[in-house]
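The values are calculated or read from the model by the stated rules, or taken from the named source; none is laboratory data. Predicted model, so just to flag it, every value in this text is computed and none were measured. Cβ placement follows ideal geometry from the backbone for every residue including glycine, while neighbour counts extend to all protein chains displayed.
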Amino acid sequence: MEKQTERRIRNHRINLWLPLLLVLAWPAVGQAQFTFITNNGAITITGYTGTDTVVTIPSKTNGLPITSIGDYAFGGCTSLTNATIPDSVTNIGTYAFGRCSSLISIKVDTNNPSYSSVSGALFNKSQTVIIAYPEGLSGSYTVPNGVTSIGDFAFAQCTSLTNVTIPNSVTSIGEYAFFYCTSLTSMTIPSSVTNIGDLAFDGCSSLASVTIPDSVSSIGDSAFSNCTA
């Protein structure tokens, strides 16, 4: 299932940029290595090949601004613990930090116009959408009040997360939102939620109890697939 998910992410990568794929050593960030493409004078990071545990993405390189982080760009970087995103990045692709099992913090520059971070988790600027929760964190988590959407893959593969409290402000739970949260034992979905996306809880093998309110009018394909408990 994990391999299928990775393939799906890779298939989502946008290939409309110029076919320039480079690997550079970036001295300013401890020789961290990225693969990237350029388009109209801007850079999109497509991958990370370094082994640093702490990575700070610069706002520009070679005189060009870094404006995007591609789908699954840091995917599978199991040694990565901390990532810092500059104010120049205005687009972050799907599951950009997927399968980063040691990741405990995603930090966004406070001047970033599109994204923000709270307690290590990645949000949109207005903090109405939670985009990514670090997979290396364990225990319980309360989604901040005011969040209206739990994004696609937001908690995917957070295998040490035992409980998530969702506030009444949330109206939708995205695709793969809690994919393979194998330590999650129960879930109470508030009455504000109307939609649960495809494979939202797929692989939650310890999930023994789920409460779904009458407000939910749509439950996606295989939303609770492989919930063997």
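Here are the numbers for the structure shown:
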quantity: Output for the stretch 18-47, where each listed residue is among the β-branched types (V, I, T) and modelled with pLDDT of 50 or more; calculated: T35, I37, T38, I43, T44, I45, T46
quantity: Residue in the stretch 180-197 that is in contact with a Pro (Cβ under 6 Å, 6 or more places away or on another chain) and either touching a residue at least 60 places away in the same chain (Cβ under 8 Å) or under 28 Å from T84 (Cβ atoms) (or both) present; calculated: no
quantity: Single residue of the stretch 182-229 satisfying the filter (under 22 Å from the mean Cα position of the chain (by Cα) and of a type in the set (D, E, K, R)) that is farthest from L137 (Cα to Cα); calculated: D221
quantity: The lone exception for D109 - which of (1) under 30 Å from F36 (Cα atoms); (2) under 16 Å from the mean Cα position of the chain (by Cα) it fails; calculated: (2)
quantity: A121 vs. criteria within 24 Å of N195 (Cβ to Cβ), free of Cβ contacts under 8 Å to residues at least 24 places away in the same chain and either outside the structural domain of S88 (by TED's automatic domain parsing) or not small (G, A, S) (or both); calculated: yes
quantity: Counted residues, the stretch 109-123 - those being surrounded by fewer than 17 Cβ atoms within 10 Å (Cβ to Cβ) and assigned to a strand (DSSP E or B); calculated: 1
quantity: First in the stretch 138-153 and free of Cβ contacts under 8 Å to residues at least 24 places away in the same chain, second anywhere and in a loop (DSSP other than H, G, I, E, B), Cβ under 8 Å, 6 or more apart; calculated: G146/Q127; G146/T128; G146/P167; G146/S169
quantity: Residue ID - surrounded by the fewest Cβ atoms within 10 Å (Cβ to Cβ), chosen from residues in the stretch 76-85 that are touching a strand residue (DSSP E or B) at 6+ places or on another chain (Cβ under 8 Å) and under 16 Å from Q157 (Cα atoms); calculated: T81
quantity: Number of positions in the stretch 62-74 that are outside any loop (DSSP other than H, G, I, E, B) and surrounded by fewer than 18 Cβ atoms within 10 Å (Cβ to Cβ); calculated: 2
quantity: Residue in the stretch 90-102 that is out of contact with any Lys or Arg (no Cβ under 6 Å at 6 or more places or on another chain) and farther than 20 Å from F179 by Cα present; calculated: yes
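So that you can scan it fast, the table gives a plain yes or no per residue for (1) assigned to a loop (DSSP other than H, G, I, E, B); (2) under 21 Å from T49 (Cα atoms); (3) aliphatic (A, V, I, L, M):
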{"site": "A83", "(1), (2), (3)": "no, yes, yes"}
{"site": "D87", "(1), (2), (3)": "yes, no, no"}
{"site": "A96", "(1), (2), (3)": "yes, yes, yes"}
{"site": "S101", "(1), (2), (3)": "yes, yes, no"}
{"site": "I130", "(1), (2), (3)": "no, no, yes"}
{"site": "L137", "(1), (2), (3)": "yes, no, yes"}
